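Colleague: Before we start, here is the structure in question, set down as structure tokens.
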Amino acid sequence: MTLFIRGNSFYAEIIRAGMKTSCLLLWMLLVASGEISGQQGQTELSSVVFEGSTAFPEDSLSRTVINRPTRCRTFLLAPFCALGLSFSVDKQFLNERELSSDMFRLQSYFSRRGYREAQIDTVITRSPDEPARLVFRISEGEPLRVASIEVRGASDIEGMEGLESFPLEEGEVLSSISLSSARDTLIERLENRGYPRADVITLSRRAKSDFYSTDVIFDVRPGSYAVFGPISLTGNSELSDSSIRKLLPFREGMEYSTAKTLEGQRNLFAIEMIQHVTIEEVVDPGSNTPDSVVPLQVRISEGEVHRMRAGFGWSTADCLNTESRWVSRNFMGGARRMQVRARLSNIMSETLYDPVCGQSGVGDFGGLNWLVSADFSQPRIFRGFSFASRLIFEKQSLQDVFVRKAVGLDLSLARLLNSDNSLTFSYRPQLTELEAAEIFFCTSFRVCRPDDISGLQDPNWLAPLGASVVRDRTNSLLNPSKGYQVLLDLEHASSITGSSFEYNRISTELGAYEELGGQQVLAARIRAGWVGSGNFNLSAGGVDVIHPQKRFYAGGANSVRGFAQNQLGSRVLTIDSPELLLSDPTTGVPPCTPEEIMALQCDANSLIDILFGTPRPTGGHMVIEGGLEYRVMLATRFQGAVFADFGRVWNTSELTDSGGLELTPGLGFRYLSPIGPIRIDVGYRFRDSSSLQVVTPQIRPFDPNKDQYDDKIRGLVNDNERIFNFVRMDDLALLDPKVTFGKTEGFSLSRFQLHLSIGQAF
């Protein structure tokens with residue numbers, strides 16, 4: 001992703017944070033030196049223990065009471081805590097005035113959960129010059145259990161005869177929480193079956209057979225059966241009444257359902273132009289509307305119809321970039337949306353490559369990247385599906401892999417199944433042209449002849465059919481701290497879909513987030529994928545080819561962060577033929593002879609790594625990657641992170657390879673901006689050395705009948721020109737054996753990888 005900065009608020013925030021941090025450090029030093037003592041005469045608590053409880057975990061009980069033990073502020077400060085430095089420790093002191101309240105809170109906690117005979121006592125262990133120990137001794141007693149469940153008064157109502165998916169079962173402990181949940185469930189079911197004014201009275205009586213068992217009775221009072229009444233609209237000026245009513249899943253005269261009103265509210269909120277919406281019953285004490293009719297009023301607050309935005313940014317993967325957008329939120333009426341977008345990236349990548357843009361494309365894989373697109377969407381065209389289309393013109397470079405130009409369409413039908421789940425069907429026909437891909441095709445598919453490579457580089461159709469399912473239960477789009485998200489994506493392309501490339505592709509991703517308290521978050525992610533190749537017709541015959549865009553790559557700011565962009569997985573080394581024929585500066589002996597190159601038996605292991613440059617990724621048929629990340633707030637808007645990523649990319653031919661997953665730990669820093677976390681991550685890879693294939697231009701003997709003298713291979717050896725009686729060919733050669741590339745020592749600064757981007761890694 002790309003970092004966008006507008007105005008000077010970012011720098012102002014950093015200055016303010018710096019001043020706060022300086023004051024905080026000064027305070028820490030004073031505390032550590034003993035010059036600040038705000039808790040004199042109080043008893044420090046070393047631990048708070050709960051004895052005798054087997055029904056509930058200790059961490060749940062600890063959140064119930066006020067008295068808490070002294071602890072390290074975060075595990076990142078554990079070394080300072082071990083040294084006893086006060087700034088790293090969150091000191092807690094015994095609050096004796098809250099002890100009786102804590103005992104009452106615990107007793108209420110147990111009582112609400114069915115343990116009505118629970119007894120609580122406390123023991124405080126003190127010693128001179130040592131922190132105190134607080135023990136809550138708990139006698140749970142025998143819990144009250146459900147002997148039977150009876151629902152009265154609802155047998156004639158469809159769908160109310162059974163207790164499937166009911167939050168209360170016979171034999172379980174009877175808690176006020178489950179009892180209230182069961183009552184709410186019954187009322188909700190009645191409200192969704194035409195009874196908006198239903199009520200349920202909960203009764204309980206001791207079972208005759210067991211003193212600690214009770215019979216639970218739900219007395220249902222449904223009230224009048226009702227239908228939707230007149231539906232009035234207010235607040236809309238740009239959006240027509242008809243376009244709004246199309247988004248409502250209910251009509252006048254339909255059976256009343258609370259779920260339908262909530263669905264209508266979600267549908268309206270999905271329209272970007274609508275800022276706020278409420279759907280509520282019209283209450284008029286003077287009207288003669290019967291209870292069997294529920295009139296509704298839909299109140300809408302609209303936003304601006306047209307919007308234009310522009311910005312610029314920088315990231316390690318895209319270098320300098322700029323983008324502008326124009327959006328119409330009610331294009332031609334009917335809540336249709338039109339967006340025109342233009343984006344430039346890789347700006348000044350050649351000039352800024354070494355200092356700040358080390359992962360962006362340069363040379364044959366660089367130049368200016370651009371994207372021009374026009375997006376149109378139509379909400380709810382049929383059966384709840386929304387239609388979207390996109391026309392794109394783009395040039396995209398993937399560093400050391402390919403440069404792709406494309407023009408095409410992206411057509412999709414999407415449906416929001418409920419508030420958490422969505423389903424999308426897509427068809428994406430694109431006319432694509434690949435440049436600078438000779439190495440890729442030669443190493444990945446053994447297609448090394450210029451004529452065959454040109455057939456793959458020429459404009460070809462890539463036209464996959466796709467389907468994706470998303471389940472999102474996270475609490476935030478930009479910076480989730482709780483919940484989970486699941487994605488499943490399927491693609492198929494063949495001659496039937498109009499594609500020159502044939503393949504089947506599946507990928508899935510799971511992200512989970514858990515709040516640990518104290519503004520700490522534990523996040524986890526795992527991604528897996530597979531793609532199978534199909535036939536592609538060349539002049540020399542068919543070959544199994546997967547389009548480079550559809551292969552899997554790993555490494556980068558949003559992948560395994562110990563590696564540069566796409567540098568994890570299958571890679572190859574490239575070198576020019578003269579480098580193999582000239583003397584090795586370390587040994588004075590040429591690494592190869594012309595005959596060895598032509599026989600593909602040239603051993604280039606004697607050459608130093610710098611002669612090869614950066615290995616070129618080729619992608620793979622399979623991928624698995626993931627990570628675990630611990631996040632903690634350091635100050636207002638500033639967050640620290642500790643992470644460990646893992647991953648691997650395979651080709652089908654490497655399935656038997658014994659190589660394992662790459663593991664890369666690291667540290668991160670975030671600034672929580674309004675547009676998402678601005679992120680700096682530094683990862684470290686334990687392994688840098690790998691055995692890689694070498695690719696070089698093939699050579700042949702000099703032919704005076706068709707070659708010019710200047711065509712001969714030449715180079716400098718000790719400042720003296722050396723001429724070989726051979727010439728380069730357009731064909732590429734895959735040399736054997738492979739070359740060991742990278743440093744092998746135990747620790748190296750070169751194994752650290754820096755990433756700057758926007759948005760959480762996962």
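The values are calculated or read from the model by the stated rules, or taken from the named source; none is laboratory data. Keep in mind it's a predicted model, so treat the numbers as computed, not measured. Cβ atoms come from the backbone with ideal geometry, glycine included; neighbour counts cover every protein chain shown.
Colleague: Of all residues being β-branched (V, I, T) and more than 30 Å from D458 (Cα to Cα) in the range 520-546, which is surrounded by the most Cβ atoms within 10 Å (Cβ to Cβ)? Just the residue, please.
Modeller: The residue in question is V521.
Colleague: Select from the range 604-633 the residues that are over 20 Å from K482 (Cβ atoms) and among the hydrophobic types (A, V, I, L, M, F, W, C) and list them in ascending order. Even if it seems obvious, please write down each step before you answer.
Modeller: Of the range 604-633, the ones over 20 Å from K482 (Cβ atoms) are 604-625.
Selection gives A604, L607, I608, I610, L611, F612, M622, V623, I624.
Colleague: Follow-up. Being in contact with a strand residue (DSSP E or B) (Cβ under 8 Å, 6 or more places away or on another chain) and over 25 Å from I575 (Cα atoms) is the filter here, so list the residues in the range 674-708 that pass it.
Modeller: Selection gives I675, G676, P677, I678, R679, I680, D681, V682, G683, Y684, R685, F686.
Colleague: Spot the failing condition for S237; the list is (1) farther than 30 Å from E142 by Cβ; (2) at pLDDT 90 or above, and only one is missed.
Modeller: (2)
Colleague: Would you call M332 in a loop (DSSP other than H, G, I, E, B), closer than 30 Å to I675 by Cα and of a type in the set (A, V, I, L, M, F, W, C)?
Modeller: Here the answer is yes, as M332 does meet what is asked.
Colleague: Which residue pairs have Cβ atoms under 6 Å apart, sit 6 or more places apart or on different chains, and have a first residue in the range 318-332 that is more than 30 Å from G366 (Cβ to Cβ) and a second that is at pLDDT 90 or above and crowded, with 17+ Cβ neighbours inside 10 Å?
Modeller: V327/Q339; R329/R337
Colleague: Return a yes/no flag: does the range 208-222 have any residue that is surrounded by 14 or more Cβ atoms within 10 Å (Cβ to Cβ) and out of contact with any strand residue (DSSP E or B) (no Cβ under 9 Å at 6 or more places or on another chain).
Modeller: no
Colleague: Here is a further query. Being touching a His at 6+ places or on another chain (Cβ under 8 Å) and under 29 Å from I381 (Cα atoms) is the filter here, so list the residues in the range 308-340 that pass it.
Modeller: W326, V327, S328, R329
Colleague: Determine if the range 505-519 includes at least one residue that is over 21 Å from the mean Cα position of the chain (by Cα) and surrounded by fewer than 16 Cβ atoms within 10 Å (Cβ to Cβ).
Modeller: Yes - at least one qualifying residue is present in the range 505-519.
Colleague: Just need a number here: residues in the range 290-300 that are among the small types (G, A, S) and loosely packed, with under 13 Cβ neighbours inside 10 Å.
Modeller: Here is the first cut: in the range 290-300, the residues among the small types (G, A, S) are 292.
Those left that are additionally loosely packed, with under 13 Cβ neighbours inside 10 Å: none.
Of the residues in that region, 0 qualify.
Colleague: Can you pull out the residues in the range 423-477 that are of a type in the set (G, A, S) and modelled with pLDDT of 85 or more?
Modeller: S426, A463, G466, A467, S468, S476
Colleague: Across the range 703-734, which residue is nearest to E438 (Cα to Cα) among those that are buried (at least 19 other Cβ atoms within 10 Å of the Cβ) and in contact with an Asp or Glu (Cβ under 8 Å, 6 or more places away or on another chain)?
Modeller: Ranking the qualifying residues of the range 703-734, first place goes to L732.
Colleague: Now for a separate question. Which numbered condition trips up N192, out of (1) polar (S, T, N, Q); (2) over 22 Å from G153 (Cβ atoms); (3) under 42 Å from the mean Cα position of the chain (by Cα)?
Modeller: Unmet condition: (2).
Colleague: If you go through the range 230-245 one residue at a time, how many are more than 21 Å from H306 (Cα to Cα) and either surrounded by 18 or more Cβ atoms within 10 Å (Cβ to Cβ) or in contact with a Pro (Cβ under 8 Å, 6 or more places away or on another chain) (or both)?
Modeller: So the answer is 3.
Colleague: Scan the range 724-762 residue by residue and report those that are charged (D, E, K, R), out of contact with any helix residue (DSSP H, G or I) (no Cβ under 8 Å at 6 or more places or on another chain) and part of a strand (DSSP E or B).
Modeller: First pass over the range 724-762, keeping only residues charged (D, E, K, R): 728, 730-731, 736, 738, 743, 745, 751.
From what's left, out of contact with any helix residue (DSSP H, G or I) (no Cβ under 8 Å at 6 or more places or on another chain): 736, 738, 745, 751.
Answer for the range 724-762, where residues must be charged (D, E, K, R), out of contact with any helix residue (DSSP H, G or I) (no Cβ under 8 Å at 6 or more places or on another chain) and part of a strand (DSSP E or B): D736, K738.
Colleague: Identify, from the list G742, G668, G746, the residue that is within 30 Å of Q567 (Cα to Cα) and without any contact (Cβ under 8 Å) to a residue 12 or more places away in the chain.
Modeller: G746
Colleague: Condition first: assigned to a loop (DSSP other than H, G, I, E, B) and touching a strand residue (DSSP E or B) at 6+ places or on another chain (Cβ under 9 Å). Can you find one or more residues in the range 176-184 that meet it?
Modeller: no
Colleague: When the residues of the range 460-497 are narrowed to those that are of a type in the set (S, T, Y) and farther than 23 Å from I526 by Cα, which ends up surrounded by the fewest Cβ atoms within 10 Å (Cβ to Cβ)?
Modeller: Looking at residues that are of a type in the set (S, T, Y) and farther than 23 Å from I526 by Cα, I get S495.
Colleague: For R685, are the conditions met, namely being surrounded by 13 or more Cβ atoms within 10 Å (Cβ to Cβ) and more than 47 Å from the chain's Cα centre (by Cα)?
Modeller: So R685 does not fit the description; no.
Colleague: Applying the selection to the range 544-573, what residues are modelled with pLDDT under 90, of a type in the set (V, I, T) and out of contact with any helix residue (DSSP H, G or I) (no Cβ under 6 Å at 6 or more places or on another chain)?
Modeller: Once the filter is applied, which keeps residues that are modelled with pLDDT under 90, of a type in the set (V, I, T) and out of contact with any helix residue (DSSP H, G or I) (no Cβ under 6 Å at 6 or more places or on another chain), the range 544-573 yields only I546.
Colleague: Now a separate question. Just to confirm my filter: which strands (runs of 3 or more DSSP E) fall fully inside the range 63-173 and include at least 2 residues that are touching a residue at least 60 places away in the same chain (Cβ under 8 Å), surrounded by 15 or more Cβ atoms within 10 Å (Cβ to Cβ) and not charged (D, E, K, R)?
Modeller: 130-139, 145-152
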